[in-house]
Amino acid sequence: MAQIEFLLNSAVRITKLAADIGITIYLMNTSTITGKIYLKIFDLLKAHPEGIQWTQLNKMLEEAYPDFHPKTINGCVWKVTEKFPDLVIKAEKGLFKFVGENFNI
């Protein structure tokens, strides 16, 4: 328990320090279902620099993860621009684009 508390406190301190110098750090547990979905969203959008329409992105994610609940996938797509605004944008209605070329994921 002490290790987890130390890691969380360290992550908070690092995130605050990064914000002070103008760097954005996103913390994401990639072993969770939503973490896996977000990573796949980034991979798909990086592979399609022209962007991907919402319905196609959902379909691609559902094909990649057939065991994941469709509403969980939809929720991640719905929230990706809010959760990672420096990485993914909606260029126009329903069109998602990856803009975080300088981010290491």
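The values are calculated or read from the model by the stated rules, or taken from the named source; none is laboratory data. What you see is a predicted model, and the numbers here were worked out from it, not measured in a lab. Counting neighbours? That spans all protein chains shown, and the Cβs are built from the backbone with ideal geometry, glycine included.
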inquiry  = Condition (residue is in contact with a Pro (Cβ under 9 Å, 6 or more places away or on another chain), surrounded by 14 or more Cβ atoms within 10 Å (Cβ to Cβ) and modelled with pLDDT of 90 or more) applied to the range 32-46: is it met by at least one residue?
reply    = no
Meets criteria (modelled with pLDDT of 95 or more and surrounded by 15 or more Cβ atoms within 10 Å (Cβ to Cβ)) for Lys97 = yes
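Does the range 51-74 contain any residue that is under 11 Å from the mean Cα position of the chain (by Cα), part of a helix (DSSP H, G or I) and in contact (Cβ under 8 Å) with a residue 24 or more places away in the chain?
no
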